[in-house]
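The values are calculated or read from the model by the stated rules, or taken from the named source; none is laboratory data. Everything numeric here is computed off the predicted structure, so don't read it as measured data. Every residue, glycine as well, gets a Cβ built from its backbone with ideal geometry; the counts of neighbours run over all protein chains shown. Keep in mind that these areas ignore ligands, DNA and RNA; they rest on the heavy atoms of the full protein, side chains included. Shrake-Rupley method; radii C 1.70, N 1.55, O 1.52, S 1.80 Å.
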Amino acid sequence: MSVLCPPTTYLPPIAKIASFSVTQLLDALTYLQSLYHPEVRGSRRKRVQAPVFNGEQNSRLRHEDDNELQVIRSDAFERSYSIRWLTALIAQLEVWQDLSHSGEASLDDLGKPEPTFTHAEMIVQQAASLLAICAGVAAAGMITRNFIFGSIDGQRRVEAQLTDIPLDNDDYRSVGAQTWGGACVLAEMIVEDPERFGLDFSPDDPKSRRLNVLELGAGTGLVSLAIMKLLDTLPSFNHREVSVVATDFHPSVLANLKSNINANVPSTHNQITSTHFITTHFLDWSSLSTAPPPNCLSYPFDVVFGADIIYEAQHAVWIRDCLKAHLRRPFDSTISPAAFHLVIPLRPTHTFESSTVESVFLKASDVDPNDDAVLVILSKESITCDAHGDAHGDYTRGQGLGEDVEYLYYRIGWSNARL
Ligand SMILES: C[S@@+](CC[C@H](N)C(=O)[O-])C[C@H]1O[C@@H](n2cnc3c(N)ncnc32)[C@H](O)[C@@H]1O
């Protein structure tokens with residue numbers, strides 16, 4: 001039995017909006033938000049507390065409703081009704097606020113005792129941003145989401161706002177226009193435990209040492225942005241130089257990546273004058289240039305990240321070659337060895353492509369560390385997520401709506417780093 005209603009059925013009638021309580025209106029608003037401002041599919045890990053997306057959204061749609069959700073969301077009539085309803089809601093809340101500010105009536109007089117006016121202002125803001133989504137960007141196929149990640153102990157909080165642009169249906173290579181569950185999972189894990197991902201300095205590290213971070217196939221930039229924002233919060237990175245380079249190869253994906261980064265970090269972070277800086281750069285794994293690399297890619301990287309970047313037969317080989325060129329080789333036992341952190345979804349439609357990770361990179365235990373250095377799998381972990389969320393992007397659809405989404409997390413590094 002369906003739990004999904006179109007806005008015309010679910011929302012309080014526009015003509016009677018003034019007779020509903022603020023709590024009822026807030027519930028309706030949250031419902032609209034779940035329709036038009038969805039979370040990323042397969043981004044909620046099962047073992048840990050769910051991250052909070054889209055503000056404090058608490059009414060999530062059940063995954064069995066995904067198909068129905070797509071139908072409602074793409075219905076122009078429902079969307080235009082939602083726009084009218086949101087406009088009426090904002091107008092009504094403003095009337096209540098004006099009455100209250102002028103002292104002519106209090107919320108209690110108006111029979112709206114539950115939330116305070118601070119809540120009412122918050123509702124106006126939420127309604128306005130949802131209105132913008134329904135009226136503008138969403139109609140154009142764009143979605144802007146807030147991602148909030150936190151450390152387990154609640155001491156750290158990292159927030160980023162990312163815009164997905166429409167996939168170009170004629171260009172399969174434009175998949176990075178949208179944020180994928182793998183990036184959500186990886187960003188969440190990094191913020192929870194930065195040390196596990198080499199995002200720390202040991203007390204023995206020379207003060208002059210700079211941390212160089214590279215992301216391959218960054219797409220909308222969630223992982224790179226989460227790292228940059230996280231490092232800003234860590235005391236051990238005060239006054240330390242950090243460079244994060246987010247790379248991709250597709251022109252429109254790269255343009256959106258740049259725009260997301262500019263929208264999220266202070267402009268000083270894009271400048272060399274800051275001690276922490278983040279840049280975007282073109283990098284195509286399939287054709288590593290023989291020309292000298294640009295400055296920002298010329299140094300070896302201490303940590304490399306990749307989320308959902310193995311879905312074609314050649315990808316693992318190209319990524320290995322890219323790592324050979326860019327992952328710092330072990331040269332100093334006082335510095336933690338460099339590593340590549342990779343999260344891939346296990347799509348039933350792409351089992352061969354996923355399996356190439358383990359044929360291209362051997363297990364560390366199968367390689368003699370005294371032989372010439374090769375890149376090996378140092379560890380592997382399975383991660384299961386609820387499938388909830390937006391089932392965008394046709395190439396994951398084989399996963400089956402409503403099923404769990406499985407990921408593998410690999411840590412890959414140089415075989416001789418263990419010597
Ligand atoms: C499925 S998307 C994942 C994007 C992002 N990491 C995420 O998880 O949201 C795959 C990404 O790899 C990039 N990509 C694919 N082939 C590439 C290549 N040959 N060189 C560089 N990037 C590539 C795509 O442009 C896209 O951004």
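Could you tell me which of the residues Thr279, Thr220 is touching a residue at least 24 places away in the same chain (Cβ under 8 Å), touching a Gly at 6+ places or on another chain (Cβ under 9 Å), of a type in the set (S, T, N, Q) and under 30 Å from Arg173 (Cα atoms)?
Thr220
Counting just the residues of segment 239-252 that are not polar (S, T, N, Q) and not in a loop (DSSP other than H, G, I, E, B), which one comes out farthest from the ligand (Cβ to nearest atom)?
Narrowing segment 239-252 to residues not polar (S, T, N, Q): 239-242, 244-246, 248-251.
Adding the requirement that they be not in a loop (DSSP other than H, G, I, E, B) leaves 242, 244-246, 248, 251.
Values: Val242: 20, Val244: 14, Val245: 13, Ala246: 9, Asp248: 5, Pro251: 10 Å.
Checked segment 239-252; the qualifying residue farthest from the ligand (Cβ to nearest atom) is Val242.
Any residue that is touching a Phe, Trp or Tyr at 6+ places or on another chain (Cβ under 9 Å) and at positive phi - is there at least one of those in segment 300-308?
Yes, there is a match, as at least one residue in segment 300-308 is touching a Phe, Trp or Tyr at 6+ places or on another chain (Cβ under 9 Å) and at positive phi.
Please find, within segment 148-170, the residue that is farthest from the ligand (Cβ to nearest atom) out of those that are among the hydrophobic types (A, V, I, L, M, F, W, C) and either under 30 Å from Glu312 (Cβ atoms) or in contact with a helix residue (DSSP H, G or I) (Cβ under 6 Å, 6 or more places away or on another chain) (or both).
This residue is Ile152.
Is it true that Ala135 is assigned to a helix (DSSP H, G or I) and closer than 30 Å to Pro337 by Cβ?
no
State which residue pairs qualify: first residue free of Cβ contacts under 8 Å to residues at least 24 places away in the same chain and inside segment 287-315, second residue within 15 Å of the ligand (Cβ to nearest atom) in any location, beta carbons under 7 Å apart, and separation of 6 or more residues or different chains.
Pairs that qualify, where the first residue is free of Cβ contacts under 8 Å to residues at least 24 places away in the same chain and the partner is within 15 Å of the ligand (Cβ to nearest atom), are Pro294/His281.
Step by step: first the residues of segment 215-238, then only those that are crowded, with 21+ Cβ neighbours inside 10 Å and away from the ligand (no atom under 12 Å from the Cβ), then the one that is farthest from the chain's Cα centre (by Cα). Which residue is that? Before you say what the answer is, go through the steps one by one.
Just the residues of segment 215-238 that are crowded, with 21+ Cβ neighbours inside 10 Å, to begin with: 215-231.
If we keep only those that are away from the ligand (no atom under 12 Å from the Cβ) as well, we get 227-231.
Working: Ile227: 11, Met228: 13, Lys229: 13, Leu230: 14, Leu231: 17 Å.
Out of the qualifying residues, it is Leu231.
Identify all residues within segment 273-314 that are among the aromatic types (Phe, Trp, Tyr) and either outside the structural domain of Asn212 (by TED's automatic domain parsing) or more than 10 Å from the ligand (Cβ to nearest atom) (or both); write none if there are none.
Phe277, Tyr299, Phe301
Take segment 353-369 and flag every residue that is in contact with a Lys or Arg (Cβ under 9 Å, 6 or more places away or on another chain) and in a strand (DSSP E or B).
If the condition is that a residue be in contact with a Lys or Arg (Cβ under 9 Å, 6 or more places away or on another chain) and in a strand (DSSP E or B), then Lys363 is the only one that fits.
Taking the options Asp200, Asp205, Asp193, name whichever one is touching a Pro at 6+ places or on another chain (Cβ under 8 Å) and either touching a residue at least 24 places away in the same chain (Cβ under 8 Å) or closer than 18 Å to Ser236 by Cβ (or both).
Residue meeting the stated conditions: Asp200.
Kindly indicate whether any position in segment 239-261 is surrounded by fewer than 24 Cβ atoms within 10 Å (Cβ to Cβ), touching a helix residue (DSSP H, G or I) at 6+ places or on another chain (Cβ under 8 Å) and within 19 Å of Val158 (Cα to Cα).
Checked against the condition, which is being surrounded by fewer than 24 Cβ atoms within 10 Å (Cβ to Cβ), touching a helix residue (DSSP H, G or I) at 6+ places or on another chain (Cβ under 8 Å) and within 19 Å of Val158 (Cα to Cα), segment 239-261 yields at least one hit.
Which numbered condition in (1) in contact with a strand residue (DSSP E or B) (Cβ under 9 Å, 6 or more places away or on another chain); (2) open to solvent by 30 Å² or more (accessible area, probe 1.4 Å); (3) among the hydroxyl-bearing types (Ser, Thr, Tyr) is the only one that Ser202 fails?
Unmet condition: (1).
Considering each residue of segment 178-191, count those that are open to solvent by less than 10 Å² (accessible area, probe 1.4 Å), near the ligand (Cβ under 8 Å from one of its atoms) and farther than 14 Å from Asn146 by Cβ, and give that number.
3
Would it be correct to say that Gln161 is open to solvent by 30 Å² or more (accessible area, probe 1.4 Å) and not basic (Lys, Arg)?
yes
From the list Arg173, Arg209, which one is more than 14 Å from the ligand (Cβ to nearest atom), open to solvent by 10 Å² or more (accessible area, probe 1.4 Å) and outside any strand (DSSP E or B)?
Of the residues listed, the single one that is more than 14 Å from the ligand (Cβ to nearest atom), open to solvent by 10 Å² or more (accessible area, probe 1.4 Å) and outside any strand (DSSP E or B) is Arg209.
Looking at segment 342-358, is at least one residue among the aliphatic types (A, V, I, L, M), assigned by TED's automatic domain parsing to the domain that holds Leu234 and open to solvent by 50 Å² or more (accessible area, probe 1.4 Å)?
Yes: segment 342-358 contains one or more residues that are among the aliphatic types (A, V, I, L, M), assigned by TED's automatic domain parsing to the domain that holds Leu234 and open to solvent by 50 Å² or more (accessible area, probe 1.4 Å).
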